[in-house]
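Heads up, the thing below is written out as structure tokens.
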Amino acid sequence: MGPVLRTSVCVWLSAAVLAVNARADVCPCSAGVVSGDFSPAVTLSRAAANAAATYHVEQLGDKGVKLMSNKLENNYAITLSGSNSDADTRLEALAPGEAWHKSLGVELEGKLGALLDTDLRTNFTEVERNAGAELFGLQSLDGSADNRRALEEFDATTKFLGDRVTFTSSRRTSSLVPLGANADDSKGISEQDRFSAWLWQSDHSSLSVDGALSRIDADYQDLTNTNTTDALQARNKETYQLRSKLSIGRAGFFVSHRDTVALIPDQHGAQPHQSEIEAGVSVGLSALQNMASGDIGHGLLSVLPDSLWISTDRGSVAYGVASAAGQTEKSAIGVSRNWDTGAINLSYWQSAVQAAAQLPDEVQWRGRGMDAAGNLYSGRWSISGNLSWYKANDLALLNNNSENSVSGSLFVSWRPALWPKLSAGVTNYAYQADFLDYNGAEKNSLIRYQLTVDGSPLLATALSDRNAKLTFLASYQDNKSRSQWSQADYSSDMGNVFVGFRFARPLLP
């Protein structure tokens, strides 16, 4: 990264000189004009006209420059941007905990009539965090030790024949290098490569292919707000995925393959490896609602969902190179319905993991669940909620158990024009595990009531500062747990009350 930043200084200075010194009389476009054919004044005037008709340069504040052609069809644009901030020069440009922040970005755009349209973006960033500098920079401490982080981003999009054929690719690489002593074991890296290709798009059909490669070390610390709920972005895993989808009219067909392996062995020295293939079909049913005749027919068809999808998944799981692989299977079905004032989604799934060769006729794990979510709007009122139910059985030698859980939430919001936004709701979670061979059970339940008053829009208007925030939060949370065994029975009940205000406004513009 060091050589890249040193090179960027030269590129930055060259671009700045171009932005300041680009004059018509030295424009390369004037090379085709023969000075002997015109007087010096006419030559300079013609050269200036040619330069003005070919390209122009814009300065993007103090962040970079942009070179653009003036042609309507076959045109191009090149943007160079960068920054170099530290606690002594540009404190407002630093995030909390940063001692210095450097970045360099390049963007290329090109268009060849209606045949080709391409866009390429790349950005390199280096950040150093220093606990001592946080104190003198009036920045909040986050508990992290001194470290250096780097981020590389690359995006490219190319379109042919309008948007009928499109290719896109992206790459994100983020690394963490601790600066403290004896910290080599905590070095981590996150790499994510994605590509997608629309091989064909029209009003009634399309064919697409996309793929992804993700690798995140167990010791990686988040720099890019990695979504850990995404199966492709789990820590200590390397994941490959390839997926294709064909749409014809209101029907869609998809097939995907995923392969996942652990980067670091577990405590027993095994590196779990999982491979699976999923296939499914989706059907749009919204058109049937317009085919109804009469009140009865319209009433029956109006309850039909807008779309229906079904999928099935088959795979294998192995816990070592020499270990036999167990078989996995999963099936799911889901529907969705949208109205002008709301929407609802509902899905049901079943999953099982069959043991390896030592237990060929036994199902080691089996689970099923249902998920529902929806929202409803009416004027300034809105209601949103979700509900999830899950149940599973685990069959193993001297360790048979079952578990189930129910979780959900329901919130009501009111958005008046001249008053703060009000939101009230309840969240619930209940879990129970039964250990059949040991005559034991574990139970946990949590319920939380919450009231929020958000006055940020009114405060932002009063202070003429859109970044000003003012929120009031009051909540009550009840936690219950119980452990029941043959010779012991323990239960606890604890409630928590929280009331507080949150006010935030930047100290610097």
Open item on the list: Looking only at segment 338-354, count every residue that is at pLDDT below 90, within 25 Å of the chain's Cα centre (by Cα) and open to solvent by less than 80 Å² (accessible area, probe 1.4 Å) and tell me the total.
Closed with: 0
Open item on the list: Against the definition (open to solvent by 60 Å² or more (accessible area, probe 1.4 Å) and under 23 Å from SER402 (Cβ atoms)), how does LYS480 come out, yes or no?
Closed with: yes
Task: Residues (in a strand (DSSP E or B) and among the small types (Gly, Ala, Ser)) located in segment 483-498 - done: SER483, ALA488, SER491, SER492, GLY495
TODO: Return the total of residues in segment 390-405 being part of a strand (DSSP E or B) and surrounded by fewer than 16 Cβ atoms within 10 Å (Cβ to Cβ).
DONE: 1
- [ ] Take segment 177-206 and flag every residue that is more than 21 Å from ARG243 (Cβ to Cβ) and modelled with pLDDT of 80 or more.
- [x] SER190, ASP203, HIS204
TODO: Starting from residues that are closer than 20 Å to LYS66 by Cβ and open to solvent by 40 Å² or more (accessible area, probe 1.4 Å), keep the ones in segment 84-106 and report whichever is modelled with the lowest pLDDT.
DONE: ASN84
Open item on the list: Among the residues in segment 215-234, are any at pLDDT 85 or above and open to solvent by less than 30 Å² (accessible area, probe 1.4 Å)?
Closed with: no
- [ ] Would you be able to tell me the number of residues in segment 355-383 that are open to solvent by 50 Å² or more (accessible area, probe 1.4 Å), part of a loop (DSSP other than H, G, I, E, B) and either at pLDDT below 85 or basic (Lys, Arg) (or both)?
- [x] 7
- [ ] Kindly establish whether ASN428 is more than 22 Å from ALA474 (Cα to Cα) and touching a strand residue (DSSP E or B) at 6+ places or on another chain (Cβ under 7 Å).
- [x] no
Task: Lone unmet requirement of (1) in contact with a strand residue (DSSP E or B) (Cβ under 6 Å, 6 or more places away or on another chain); (2) polar (S, T, N, Q); (3) open to solvent by 70 Å² or more (accessible area, probe 1.4 Å); (4) farther than 30 Å from SER402 by Cα for SER475 - done: (3)
TODO: Could you grab the pairs with beta carbons closer than 6 Å, sequence gap of 6+ or different chains, first residue in segment 333-357 and under 20 Å from LEU387 (Cα atoms), second one β-branched (Val, Ile, Thr) and assigned to a strand (DSSP E or B)?
DONE: ILE333/ILE310; ARG337/ILE344; LEU346/VAL335; TYR348/ILE333
TODO: Starting from segment 456-468, keep only residues that are assigned to a helix (DSSP H, G or I), then list their pairs with residues that are open to solvent by 80 Å² or more (accessible area, probe 1.4 Å) and at pLDDT 80 or above whose Cβ atoms are within a distance under 6 Å, requiring at least 6 positions of separation or different chains.
DONE: SER456/LYS469
Open item on the list: Tell me the residue from THR461, THR452 that is more than 30 Å from SER402 (Cα to Cα), β-branched (Val, Ile, Thr) and open to solvent by 40 Å² or more (accessible area, probe 1.4 Å), please.
Closed with: THR461
Open item on the list: Under 6 Å between Cβ atoms, which residue pairs at least 6 apart in sequence (or on different chains) link something in segment 86-115 that is outside any helix (DSSP H, G or I) with a partner that is β-branched (Val, Ile, Thr) and at pLDDT below 65?
Closed with: none
Open item on the list: Give me the residue from segment 406-425 that is open to solvent by 50 Å² or more (accessible area, probe 1.4 Å) and in contact with a helix residue (DSSP H, G or I) (Cβ under 9 Å, 6 or more places away or on another chain) and, out of that set, farthest from ALA474 (Cα to Cα).
Closed with: LEU418
Task: Selection within segment 325-354 - acidic (Asp, Glu) and part of a loop (DSSP other than H, G, I, E, B) - done: ASP340
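Rundown of residues vs (1) within 28 Å of GLY374 (Cβ to Cβ); (2) in contact (Cβ under 8 Å) with a residue 40 or more places away in the chain, yes/no style:
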site	(1), (2)
LEU410	yes, no
TRP419	yes, no
ALA433	no, no
LEU436	no, no
SER445	yes, no
ARG482	no, yes
ASP493	no, no
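The values are calculated or read from the model by the stated rules, or taken from the named source; none is laboratory data. Model, not experiment: these values are computed from the prediction. Glycine gets a Cβ as well: all are built from the backbone with ideal geometry, and neighbour counts include every protein chain shown. Calculation scope for accessible area: heavy atoms of the full protein, side chains included, ligands and nucleic acids excluded. Shrake-Rupley method; radii C 1.70, N 1.55, O 1.52, S 1.80 Å.
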